Amino acid sequence: MKERTLNIAMTAVGIALCGTSVGMARHAGFGTDPFTVLVTGLDNRLALGYGVIFTTLAALLLVGVFMLKRRLIGLATIFTLVGLGFFVENSYQIADLLMPHPGVALRSAELAASLALISLASALYYTADLGVSPYDAVALILADRTGVPFRFCRIATDSVCVLVGFSFGATLGVGTILTALCMGPLVDLFNRCVAQPLQRRYSRPQRLQAQSC
């Protein structure tokens, strides 16, 4: 029971930190992850608000996931759908309120902090293993249906997001490159140093109890 509660908490905190980090990256203005590029570009064109567009896109993708591979849907999927976009929007607004005209040094620090936060968030979210986001599910389904390795399917979906977002005026830059190059190693670091130790701490008593029975 404690482990289940911990996984739910890790998922919720992970989604909240992920949204906060993306909002910070947008405010830094050095480029963001591919899906955020897409949503930002659509927001530039439609002016409906990042949260509204993100949630609408996620809901549309979720319908497809439900029809094609519903076992990928879990609690994390719901948290992402209903909360992530608005965390991004609100954290961006807060950052803009606190730092209305940041210089290059402050923007660089904000980008570095956002990269660390999104990596920690991903480690918590993946380790909890309570489903995936609708966007993450797209590449998984493509790999399953086509036989093409996941990494190539993810490159394809990311490329489409970047091309569409950029055509609608979203910013590309060093932040997009750093996310691609550094996020994997950082997620692995936070997974080994934070997420997995948390799970071991709460699951160990249950294992000892099972052995003693």
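With GLY165, GLY175 as the choices, which residue is more than 19 Å from ALA58 (Cα to Cα), in a helix (DSSP H, G or I) and within 18 Å of the chain's Cα centre (by Cα)?
Values: GLY165 fails: more than 19 Å from ALA58 (Cα to Cα).
When all the criteria are applied, what remains is GLY175.
Just checking, how many residues over segment 130-150 are touching a residue at least 12 places away in the same chain (Cβ under 8 Å), open to solvent by 20 Å² or more (accessible area, probe 1.4 Å), assigned to a helix (DSSP H, G or I) and over 10 Å from LEU61 (Cβ atoms)?
Residues that pass the stated criteria total 4.
So, in segment 8-26, exactly how many residues are closer than 26 Å to GLY103 by Cα and open to solvent by 20 Å² or more (accessible area, probe 1.4 Å)?
Going through segment 8-26 one residue at a time, the tally reaches 5.
Results for (1) at pLDDT 75 or above; (2) surrounded by 13 or more Cβ atoms within 10 Å (Cβ to Cβ); (3) more than 24 Å from the chain's Cα centre (by Cα), shown as yes or no for each residue.
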{"position": "THR171", "(1), (2), (3)": "yes, yes, no"}
{"position": "LEU181", "(1), (2), (3)": "yes, no, no"}
{"position": "PHE190", "(1), (2), (3)": "yes, yes, no"}
{"position": "PRO197", "(1), (2), (3)": "yes, no, no"}
{"position": "ARG201", "(1), (2), (3)": "yes, no, yes"}
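Take segment 164-187 and flag every residue that is in contact with a helix residue (DSSP H, G or I) (Cβ under 9 Å, 6 or more places away or on another chain) and free of Cβ contacts under 8 Å to residues at least 60 places away in the same chain.
Once the filter is applied, which keeps residues that are in contact with a helix residue (DSSP H, G or I) (Cβ under 9 Å, 6 or more places away or on another chain) and free of Cβ contacts under 8 Å to residues at least 60 places away in the same chain, segment 164-187 yields ALA180, GLY184, PRO185.
For THR127, are the conditions met, namely being of a type in the set (Ser, Thr, Tyr), in contact (Cβ under 8 Å) with a residue 40 or more places away in the chain, assigned to a helix (DSSP H, G or I) and touching an Asp or Glu at 6+ places or on another chain (Cβ under 9 Å)?
No, not satisfied.
Based on this model, can you work out whether ALA59 counts as over 17 Å from GLN93 (Cα atoms), within 15 Å of the chain's Cα centre (by Cα) and small (Gly, Ala, Ser)?
When the stated conditions are applied, ALA59 does not pass them.
Those residues that are touching a residue at least 60 places away in the same chain (Cβ under 8 Å) and either open to solvent by less than 50 Å² (accessible area, probe 1.4 Å) or over 23 Å from the mean Cα position of the chain (by Cα) (or both), I need them from segment 74-101; list them, please.
Of everything in segment 74-101, those that are touching a residue at least 60 places away in the same chain (Cβ under 8 Å) and either open to solvent by less than 50 Å² (accessible area, probe 1.4 Å) or over 23 Å from the mean Cα position of the chain (by Cα) (or both) turn out to be ALA76, THR77, THR80, GLY83, LEU84, GLY85, VAL88, GLU89, SER91, ALA95, MET99.
Hey, THR5 hits all of (1) closer than 17 Å to ASP129 by Cβ; (2) under 15 Å from the mean Cα position of the chain (by Cα); (3) open to solvent by 10 Å² or more (accessible area, probe 1.4 Å) but one; which does it fall short on?
Of everything listed in (1) closer than 17 Å to ASP129 by Cβ; (2) under 15 Å from the mean Cα position of the chain (by Cα); (3) open to solvent by 10 Å² or more (accessible area, probe 1.4 Å), THR5 misses just condition (2).
Among all residue pairs at least 6 apart or on different chains, which show Cβ distances below 9 Å where the first residue, located in segment 7-21, is touching a residue at least 60 places away in the same chain (Cβ under 8 Å) and the second is surrounded by 18 or more Cβ atoms within 10 Å (Cβ to Cβ) and of a type in the set (D, E, K, R)?
GLY19/GLU89
Checking the condition at pLDDT 90 or above, of a type in the set (Gly, Ala, Ser), farther than 30 Å from PRO197 by Cβ and out of contact with any helix residue (DSSP H, G or I) (no Cβ under 8 Å at 6 or more places or on another chain), which residue from ALA59, ALA95, ALA47, ALA105 passes?
The conditions single out ALA105.
Which of (1) touching a Cys at 6+ places or on another chain (Cβ under 9 Å); (2) within 23 Å of LEU72 (Cα to Cα) is the odd one out, the single condition ALA58 does not satisfy?
Here ALA58 meets the rest and fails (1).
The values are calculated or read from the model by the stated rules, or taken from the named source; none is laboratory data. Just so it is clear, the model here is predicted, and its values are computed rather than measured. In this analysis, Cβ positions are derived from the backbone assuming ideal geometry, glycine residues included, and neighbour counts consider all displayed protein chains. In case anyone asks, the SASA skips ligands and DNA or RNA and just uses the protein heavy atoms, side chains included. Shrake-Rupley method; radii C 1.70, N 1.55, O 1.52, S 1.80 Å.
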